[in-house]
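What follows is a set of notes on a single structure, which appears directly below.
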Amino acid sequence: MNTPADMSRRNFLKLSTAAAVGLTVAGMVRPAFAADVKVRKVTLDAIPEDAVACAKSSELVQRAWDYLLNEINALHDASLRDKVMSFYANTVPTFMQKYQSSADVKTVYVKLQNADLVDPAKTPVDKLFPPLKDLSTNPQPFFSAPGSGYASHHSYPGGLVTHTAVNVEITKAVLGAYKNVMDYEYGYDITVAAQLLHDLAKPWVFQWQKDGSCLKEYTVAGTGAHHIFSVAESIYRGMPADEVVAQACAHNHPGSSADEAQVVNWIKVAAILAGVNPVAAGLLGADAKTLPTPHQQAGYIVHLGDHDWVLSVPAAQSSVAMLQRVAKNNYGMSDQDLKGIKFNKFRNYIGAQYSFMHVNQALAVGDAFKSAAAIAESVISK
């Protein structure tokens, strides 16, 4: 039996895989916003290369986007609601105002390196921050960003909104379960707001490239840089301390000293980038080694809610692998085509129209190749 100290993010998931699969199968009915979604068929030559156009062409993505906007508007606290909406409207990492020169970047990099918060072997100084055209231009709209790296979950235009929508649904379900079973209500606004913002830096970190793939992500303090930058931006824009702490817990819970230390380091990095003292801001305890006590439940619930990736990572990987076979056998793509924009446009469009979750489910029914081919042919004619 695992002790609390053993309950790392990955160990927790290993223990809960069977339960998660059961819940997934039981919950295959689409939520209301995705009911009767229609796909838009195009010819192979007419697949949009532009990620924004691809996301806009998807009814699934646009309904997920509308769902998120509605969830923001459903927050009770008007100030919190307005702040969360501002992140969705403006995806510029405004904390980058502090790092407009290479000297500024080098200075903060050395500070992080001296604190053992960045590993030069994994993230060199020139890769600390993704490219940013300027502080007045969005890297891309929130609704066109992928859900993660190109070999990971929801890696298609609009994947970020479908991923976030699922996570918000999970978070609300956890809150609802405790209300219905334990007869108590817990901080809805802070918890849902933290989930809505947990991946706010992904439009910047995962910018689309000319070959139809997205930027590679580097790590900071042992986690994907998007997580650090998202927390830093929330701090920089003045989000409430309890929201920031809950958001920081998305990638791990503070249920053991080792796990809590990870979250503390992420907050430390984010606070350094934002130019804020984390203790004075109420983000860390007085010793700067723990989260504020007593721990709030929001962080744990946000962490639970951010587990769509458990299923959606392997679902995306198996879907893309099968779509490569379909592209080669049914659409005449060469091995070289499978490594570049021709196939990337193909998989991006299918992902945006259906989601890789939908494709993956189809692979489990009958002949996997025929199922994938049927999905492809329903949206892309030869």
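At a glance:
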| quantity | calculated |
| --- | --- |
| DSSP H segments from the chain that extend 15 Å or more along their own axis, Cα-based, with Kyte-Doolittle mean of 0.0 or above | 9-26, 78-89, 159-182, 225-236, 257-274, 309-330, 368-379 |
| Net charge, D287 excluded, C-beta distance under 14 Å - Lys, Arg +1, Asp, Glu -1 | +1 |
| Peptides ranked, highest mean first, by Cβ atoms within 10 Å: ranges 182-191, 46-55 | 46-55, 182-191 |
| Alpha-carbon centroids, the stretch 328-382 and the stretch 207-240: separation in whole Å | 29 |
| Extension gain from A177 to D367, taking 0.36 nm per residue of separation minus the Cα-Cα distance | 64.6 nm |
| Selection from L117, V161, S86, by position along the positive dipole direction of the stretch 51-308 (Cβ) | L117 |
| Ranked K339, K210, criterion: other C-beta atoms within 10 Å, fewest first | K210, K339 |
| Stretchable slack from Q209 to N73, in nm (0.36 nm times residue separation minus alpha-carbon distance) | 45.7 nm |
| Count of lysine pairs in the stretch 257-382 with Cα separation under 28 Å (8 or more residues apart, or interchain) | 13 |
| Rg and Dmax [Cα atoms of the stretch 51-308; Å; Rg one decimal, Dmax integer] | 17.5, 55 |
| Cα-based Kirkwood hydrodynamic radius, the stretch 310-381, one decimal, Å | 11.9 |
| Cβ-derived FRET efficiency at R0 45 Å, A53 paired with A115, nearest 0.05 | 0.55 |
| Estimated inter-spin distance, N330 and A46, nm [label 7 Å along Cα→Cβ] | 1.9 |
| Separation in nanometres of the label points that stand 7 Å from Cα toward Cβ, at Q97 and A151 | 3.8 |
| Over the stretch 107-201, volume per residue of the alpha carbon convex hull, in Å³ | 169 |
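Each reported figure results from applying straightforward, stated rules to the coordinates on display, with no laboratory input. Since this is a predicted model, take the numbers as computed values, not measurements. A quick note on method: Cβ atoms are made from the backbone with ideal geometry, for glycine too, and the neighbour counts reach across all protein chains shown.
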